[in-house]
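Just so it is clear, none of the values below were taken in a lab; they were calculated from the coordinates. Since we're looking at a predicted model, the values are computed, not measured. Please note: Cβ atoms are built from the backbone with ideal geometry, for glycine as well, and neighbour counts cover all protein chains shown.
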Amino acid sequence: MNLKEAKDYTILVLTLLCYYSMLVLIFNYTYNNSTLGRDDSDQQEYGSKRSGLIIKTDYKTGCQFYESKNGTLTPRLDGNFNHLGCK
């Protein structure tokens with residue numbers, strides 16, 4: 001491979017990397033500003049923030065919990081501080 005071929009190859013790789021980066025940015029922007037993947041712990045308006053919590057259900061009791069990003073479980077309560085979903 002001579003110097004010209006190496007330069008052409010480098011330009012090609014950088015161009016493809018830029019296109020790939022733009023596609024990833026467009027996908028992330030679209031996903032984060034859409035209602036895809038939202039549950040009822042997130043705000044439902046277009047472009048609103050996500051809570052980052054996952055709603056988990058104990059299948060034996062039916063009780064619902066919020067799971068944070070680090071795995072901490074917190075009981076999911078209604079407006080009267082009753083545990084949601086429990087039988």
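When each of the peptides 59-72, 1-14 is scored by how many other beta carbons lie within 10 Å of its residues on average, the order from highest to lowest is 59-72, 1-14. Here T10 and C63 are evaluated by their C-beta separation; at R0 = 41 Å the FRET efficiency comes out at 0.10. Length gained on full extension, L25 to N70, computed as 0.36 nm times the residue gap minus the Cα-Cα distance: 13.6 nm.
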